[in-house]
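Below: the structure, in structure tokens.
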Amino acid sequence: FKINEVNIQGPWEVIPVKLDSGAFDWVFNPETARAFKLEETEASKNGLDYAAANGTPIANYGQRVIKGVTGDWAPIHSAVQVAEVKRNLASAMRIVNAGNRIVLDDEGSYIEDKKSGRKIKVKMEKGEFEFEIWVPKPKSTIAEEPLKKKKKKKKKQKKKTDFKNQKGNKFQVH
């Protein structure tokens, strides 16, 4: 499996998603879930990019609203941010805030909907917790318009917001 590789299974794109306790939002790379329209957000319109834990800026292209199923056939409908990331990330915080419980255990890990009891299997893959989302593959092989940042006018200094994850690692959102 290569970073940013798109895995197509018949009419489906199978998206590996890393469960991330430090992620503020769900963030997918630009090559993922291309059957869904890329929409500008206020942040992407205004040139507000993300920042990696080491401070490196990460281009923000907007968002896609995806609909599909998990590897366990649980329906999923979510807005995911689109940015120059190497792995698709799911925010554990957003999952829990949406009424779910996350259990990470050597005898079986899962995300459980607290109302319905439905579980989505989470597996350990190369030292990281991961689950799959299946979405329709793009209807055409024609690439979207290049995701290039618009030239920006000079603007005021960006406001930075500091966050810490549970391990105490700091990161910033610009």
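We did not get these values from a lab; they are worked out from the coordinates using the rules stated. Quick caveat: nothing in here was measured; it's all calculated off a predicted structure. A quick note on method: Cβ atoms are made from the backbone with ideal geometry, for glycine too, and the neighbour counts reach across all protein chains shown.
Averaged over residues, the count of other Cβ atoms within 10 Å places the peptides 98-105, 33-40 in the sequence 33-40, 98-105, highest first. Residues whose amide H falls under 5 Å from that of residue 58, counting only those 5 or more places apart or on a different chain, are 50, 51, 52, with hydrogens built in the peptide plane. Remark on the range 14-133: ratio of C-alpha radius of gyration to 2.2 N^0.38 Å is 1.07.
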